[in-house]
Each structure stands twice: as C-alpha cells, then as structure tokens.
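Some notes on the structure that comes next.
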C-alpha cells in the first residue's frame, strides 16, 4: 500500500519539526495582547487549520444572532473535560466577533492575579480604557454592569478558566468575606446584566469536574458557579466524539487525498473481514471512523482521547495534537500505509516524555526494560520471530500497542487479542494469526506485562520475580541440583544392571569387581587412568566399565534450565512473596512443565557414552532421548544391548565352542574364560555370571563340550550330554567332545542333541549369539519321500531370523558329506567404526576359521 505521507501531506511545521508545545497550547489572553503563536494570532491561518465542528458552527450562529440583537441565549457555557477544545472555541469567537463588529472582553483566570485584578474592573477597563464605575474590592452590582454593557454593545465577554481565578481569590480577604465570595456574587450580577442587554453575550468555560491540584473547596466553587449561571446558560461541547479525527487531521495535515484514503481503508476493512476481525455492521462503522481519522487508525484517536485524555494532566486536544505531531514527524521516512498505536516510537525521547509525564517517572525504566532496549523482551521477540516477519518488528509493535492500551486516568486498562490484531495487522503482509504467537512470546519474555491480562503494570510480573531470584542462585546450588536430578533418575530404575558412580574424584573411588559399572563424569571424556588403574595397582576388570560424559556445548543451556527451576521452586516455597492466585497457578504450571523436561534436558547434556575397546574408548552419542525415557541406567542398558551389541544377556554355547574353544584345544578353565570377558577391553560382555553359567551348562547338555576338573594336572570329564552343575571354581574345565569320548571309552557316541525347551526366546538383535535348537539337525530322514542329492540356496534373510539360517545349515550339514557353505553380507544405511569392524567382525571370523573370499569396505 502507498505510504501515508503521499496520501496525507503534513503541514510544514510538522515536517520541519517545529513542535514546541506553545504551537498547540491555545491561550486566549496571549491572543488579546498580540503575543500568541501565528497559528492563533492570524485569523485566516487560524480558521484554515480549524475544523468547524457541528457544535462550533451552532455556537457561531447563536453568538452572531445574539450580538446582532436577534433572539438567542445570553450565556453559553463550554463544558468538557480538560483539553476538550474550550479555549480554541473562545479564540474562534474572538476572531468572529471582529467580523461581526462587536467589542470583546477577555477574562482569563490563568493570566490574572486576584491580588491585583478584579474581574469587574477588567471589563470596564477593556471596554472604556479606564476604571471608574466598578472600582473596588466588592462586587459592583447589576446596575453598574448593565450601564457599562449597554453603552458598549454589541459586546462579547469571553471568560476562560474562571474556576481557577475563583480558587485563587479565596486567599484574598475582603472585609469579613473574601474575593472568591465577591467573585461568585459578581458572576450572578453579570449573568443578569448580560441577559438584560439585548446585544450582549457571555461565553465562559468550566471543567466537568474540579482538578485535583486545585484547593479542597474547588469542587464547591464549581457547583456554585454552575448554580449561578445555571438559570440562563446553555452548555455546549465544542467537539463531538465522532469529529475528533477531523479536528486532528485538519490541524496536522495540509491536504488529504480522500479517494486514496478510501482505497486504503477499504483494502484494510476487507482484509479484516476475511480474517474474522470485523463483522458486517462493525466493518461499516470501522470504515467510517477510519476514513475520518486517516492516516491514524481509529484506535489511535480513541485510546489517546478517551484513555490518556482522562488523566487530569493530559490536555485532550492539545495533548493529542502535540503527541501525534511528534509521531508523524518521527515516521516521515517510514513508508507506512497508516499509523498504528504500535508505531509510536518509544525510543524517541520526546514521544516517551509526552507519555510518562502523566503516568510517573518509573515508567521510563519499565519502557526500556520491556520494549525499547536492545535486550528488552520486545526486541528479543523481534529477533527470534521467523524471518518472514522479522522486518516488521512485531515484538516492539505489539508490545507498544499493549502499552498504549494499558493506561487511563480511570479504571479502564488493558486490551484484548482481537483489539491487538486489528491495531497491528497489514493486509497480506501480517496475518492476524501471527499476533497470537507474538503475544505468547511477549508474556514469556516481558517483566512488567501483567500476569492478569494484556496490560503493563509498574509492578514486576512473575517473570521478573523469577529473574530476580535467578540472579541470586549460586553455582553451588546448581551443582547440587544437577546431582539431585541424576540421582533421582537412577533411582527410578529399580532393576538397574549397573552399579553407578557419580562424579568420582579418582580411580580409587571405583571398585575393581565383576559388576557392570556406569561411571558418570561431569567432563567431556574419561581419562585412561580410570580404566587402567585402581589405587596403587592396576585395574583387573577393565571390561566392566562404561563412562557417561557431557556434551560441553550444552552445559550453559542445561545450567540455565537448572537455575530457572531452582528459582521457581524457591519462589513457590517463599511465604514472604505475595502472589496472586493466577500467578501461583502459573508458577505451578511452570514447575510442572520444567520437571516434565528434566530428563530431556539432563540427557542433552549427558549424552556421550564411552565404552572400553582394545586400544581406545569407543564413543557412542546417545542423541536426544525418547519421551518415554526417565531413567539413565535403563536407557543406557537398552542402547548397549539392543543397538550397539556391547552387552548380551546370554551367550550361545556354539559361540563359546567356535570362538573361545577351538578344535586344537582339548580343555579350557571355565573361570579363565569368564575372567577373559571381564578383563579384556572390547571383549563380549555377558550380563551376569549366572547367564554365563547357564550357557556352559547348555553346551554340556547338548554335547558341544563336556565339563570336568583338572585332577593332578590331568583333565577329567564328569559331565557330557547331561545336566551339569557349573561353579566357576579353580580347576573347573570344559573339555572337547573328543577328549570326553576318549575318557569315556565305553560310552556310545551319540549325536549332539538340543532339547527345544532348554532355550529362551531371542530377545535382541544379537540372536546369532543365542542357543540354537538343532533337534531337526540330528533327526533321521523320513522314508518313502523323494530325496534331494544336491541342495543350493541363495537367501535374503531378515536380521531377526538369522538363527533360523544357523539351524538350517546344521541340519543340511548332517545330511551331506560335502559342504560348500558361503555367506553373502551386504550392509548399508548406517556406519561402523573401523576398529569395531576389525575387533568384532574380522577377529570373530578369524577365530571361527571363516575365510573371507571377497571384501568391499567404503
């Protein structure tokens, strides 16, 4: 849309920045003595910049008829709140009276000192140039006034701020009375005299209520003045509510292209209807108001005139004009299609000062804290919002809009989401839905945005209270909280497979035993001495250690999270802090939400798992936890077992036989084998001693090997193809099948047999290591069925069914004498470290005497 400066051209004084308050401060007395600004002194210029409202034209008509001797009211009272255009109307009448050929008398209560000037004397002085008939401190009486007025008619008496004069006159003694009482008596005499003279008119201004800074008797004086003049006067409001926009536009802008105004307004109204912000009848009314107020949005005028204008110190018309002239000048180079409340630049010192002088100096720092400084909540939202909307600085615009709606001389304060959206959006550029996000972010970032509604207050909100408490949270408290969270997480895993050691100071703090140990370190990686040393000696059970370390890039974020949580809990428990019910509920929600995120935040920081390998640690990045996780030990165990293959719950007897008990070896001590798993970094890790014992027992019962003892250095086979009691004591051995048969010469050789019920179901991706049911492999072929002399199969095997292939191969191997078993493995969609491949794949193949015919590694 077109920039407003191309549609509504500001007056030159606005463009040049001639914005001193006296330009807008109408002063009737200064006009009389020829010292007023040119805008008020020059009659033609004055009317060029004055919008003649319907009431102003009516007042002109009444005054003209009265002064020309026609029928009409003899007394007109102009009564509006402060700044409602009363003085401006008196100046207009002053200039009109010169056109009508009438004499004028100007009585300005703000300009006169009651100790020196009596109102009755001033009337005679201005009309005759001398004071003879009315001289004295006492009211002169109706007859004397009637004589003066009759001899000088037609005469227009303009009285401005008469209440202020009466209030000051109370301090001046006149006999047993005072000048205030004499002035009130004079007012009654004057209204009677004016009424009796056909070509005389009294126009006076009175406020709708006595200002607070007047004396305690001011309200009584106001009522008496209203009573004195009430018999003959008519009350007029110079400016109707619907005409305020015209008045402002006339004073601030040289010319306005009405056709383009309607085009811009129609475009906005149609967009607001589509967005659901305005309905049919509402849209019609809004359009009319917007056309009158353009380039200002209607809410700009409404908020300034009705809310800010309700402050006694805020002169409605001149205050609004002064403020808006500053805003227009500030926005001359911004290509805005219209001016919103959110476009008030609170960084501009003059604009900010025009506002805070009515609400208190403490707001200067509040505005800076929440809206204008580079680290304010609004500025943060400006930067953090998605890039499409970043140029519009919506955090500042919405924050400023809420600020402008927040203040009133009465009880009215705050706004609604709908009002903010209407005040903020641009057709096509800014959808109303984004405002919801902006407000939500402001509520999170601002310190003085009320917790009770959409308005600012000079009391810190819950965010501010929490921030102040955060600033006092010590590093020691954060460290304590971190350990507490780790301990709580570990406690949730009641069946943990690890013994956990949190932040050990040295290797001496970690026992050297057979249990799996999870060592949690508040550093980026473990030191090798943790694995190599124990006390003064060397560590024996190196393959039982796992180290959980931190991602140092996440430390600041995690500690900020902890600092905030600690502050929330401290504020919630501090009975000295007075919170509203809404604030307390919000605080409880914050704590609950934070506790729901505790594990996720903990794991973002503690995410590097180090597993001992043959020469170096293998590093596993645990990544971001699943939402179901809450316990460190259970998550790490599942990762090591199911995904990494570093832990197995049971080892297959076949693996023991093929990898650790080759054909050229007659026997092997069970304790030595078990100790190999525990001591050698990178070796297979069996969950427990019981699991290892079970595997040995299964191997013995199936006939893969026997179990016995060394007796005087000679192996003795005690168990073979039968239940065996495995104890893992010194001298206990497993023996090769050949050695067992040799030791039992009388025993008949039988094929190995695997009962179905002796194995548990496969539980993980490590099925290849689990026991294989080979019952079918050793059963005789059925008779009467066609026989195959050659079998050649090429298979695509799901990983979860690998154990089936082993079973099938063993079955076929028992049926055929010539075996040519080949396996083709193709893996992609992931990665494996070269050291892990060499240690766990090629080494296992070598130990199993499996030849690699082709190899492609990339």
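Laboratory data are not the source of any read-out in this text; all were calculated from the coordinates shown. This is a predicted model, so every value here is computed, not measured. Cβ sites come from the backbone with ideal geometry, for glycine too, and all protein chains shown count toward neighbours.
Annotations
- When peptides 599-609, 44-54 are ranked by their average number of other Cβ atoms within 10 Å per residue, the highest-first order is 599-609, 44-54.
- Label-point gap, in nm, between residue 70 and residue 411 - each point 7 angstrom along Cα→Cβ: 4.7
- Residue 41 versus residue 495: modelled label distance in nm, points set 7 Å from Cα along the beta carbon direction: 9.8
- For segment 378-410 and segment 88-123, distance of Cα centres in Å: 48
- For the pair residue 680 and residue 110 in one chain, pulling the backbone fully straight at 0.36 nm per residue adds 195.2 nm over the alpha carbon distance.
- Residue 787-residue 688 FRET efficiency (beta carbon distance; Förster radius 30 Å; 0.05 resolution): 0.05
- The calculated FRET efficiency for residue 349 paired with residue 313, based on their beta-carbon distance and R0 = 25 Å, is about 0.85.
- Only one item in (1) 1.82; (2) 0.92; (3) 1.67 matches Cα Rg over 2.2 N^0.38 Å derived from the coordinates shown, and that item is (3).
- A straight chain from residue 173 to residue 579 at 0.36 nm per residue would run longer than the Cα-Cα distance by 140.7 nm.
- Projected-area average for segment 295-459 over all orientations - Cα convex hull basis, square nanometres: 8.8
- Taking the longest Cα principal axis of the chain as reference, the axis of helix 258-274 is set at about 40 degrees.
- Per-residue ellipticity at 222 nm from helix content only, as computed over the chain with -39500 (n - 2.57) for each DSSP H run of at least four residues, stands at -12500 deg cm²/dmol.
- Translational diffusion of segment 14-240, µm² s⁻¹ [Kirkwood Rh, Cα pairs; Stokes-Einstein; 4 °C; 1.567 mPa s]: 72
- Counting neighbouring Cβ atoms within 10 Å and putting the fewest first, the residues 373, 379 line up as 373, 379.
- Working ranking of peptides 497-508, 468-479 by packing, defined as the average number of other Cβ atoms within 10 Å per residue, highest first, is 497-508, 468-479.
- Note on segment 316-376 and segment 482-545: Cα centroid distance 61 Å, given to the nearest whole angstrom.
- Look at 135, 831 and count the other Cβ atoms within 10 Å of each Cβ; fewest to most, that gives 831, 135.
- Modelled label positions at residue 117 and residue 57, each set 7 Å beyond Cα in the direction of Cβ, lie 3.5 nm from each other.
- Fully extending the segment from residue 437 to residue 644 would add 70.3 nm, taking 0.36 nm per residue of separation and subtracting the current Cα-Cα distance.
- Semi-axis lengths (Å, descending) of the ellipsoid that matches the C-alpha gyration tensor of segment 475-643: 35, 16, 14
- Using a cutoff of 8 angstrom between alpha carbon atoms and counting only pairs six or more residues apart, the relative contact order for segment 32-141 works out to 15 percent.
- Folded to 0 to 90 degrees: helix 581-596 orientation relative to the chain principal axis, Cα: 20
- Between helix 689-702 and the chain: long-axis angle, C-alpha atoms, 0 to 90°, nearest 10: 40
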